[in-house]
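Worksheet: one structure, shown below.
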Amino acid sequence: MKKKLVYIFIILFFINTIGLSDFQDNGDGTVADRETGLVWEQGTGGAMTWENALIYCESLSLGGKDDWRLPSRNELQSIIDYTTNNPSVDIIFFPDTELLFYWSSTTDVSQSARAWYIDFENGDVSFTDKTNSYYVRAVRSGQ
């Protein structure tokens, strides 16, 4: 089993190296998405309320940039890999992704006290009260 996992990681590394992946590790704690043009925080911000997630992203300085923000529901959903789970994201580029919920900036239109989140265990999308504590992954627009 371990040998099989090693081979899988080698293949995934090779795919990334020759540019077949949509993602590119920028080597500075950020990941560029070649398809959307977005740049992602590679790590995971801690668990926090929605309001604190907004503050965290807006105050983040990473990769020489300080224009980070909390991603919209659609932006956050764009990095989900629905062919896998536990986590449902490319672990080569986002290795410390928690198997839990991540905030989006998108507020529920029917109740402004709730916001949408993505479950990175399986890619589910739902909404909850903004006072709950969920994880954060910041985003910025690329060049």
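Here are some notes:
- Remark: pairs (first residue in the stretch 106-124, on the phi > 0 side of the Ramachandran plot and in contact (Cβ under 8 Å) with a residue 24 or more places away in the chain; second residue small (Gly, Ala, Ser) and in a loop (DSSP other than H, G, I, E, B); Cβ separation under 7 Å; 6+ apart in sequence or on different chains) = Gly123/Ser88.
- Filtering the stretch 57-72 to residues that are surrounded by fewer than 19 Cβ atoms within 10 Å (Cβ to Cβ) and either at pLDDT below 95 or within 22 Å of Val125 (Cβ to Cβ) (or both) leaves Arg69, Ser72.
- Any hit, the stretch 21-34, residues being loosely packed, with under 11 Cβ neighbours inside 10 Å and at pLDDT 95 or above: yes
- The stretch 93-143, residues that are part of a loop (DSSP other than H, G, I, E, B) and either β-branched (Val, Ile, Thr) or crowded, with 20+ Cβ neighbours inside 10 Å (or both): Phe93, Phe94, Thr97, Val109, Phe120, Lys130, Thr131, Arg137, Ala138
The values are calculated or read from the model by the stated rules, or taken from the named source; none is laboratory data. All values derive from a computational prediction rather than experimental measurement. For neighbour counting, all protein chains shown are included, and Cβ atoms are generated from backbone atoms with ideal geometry for every residue, glycine included.
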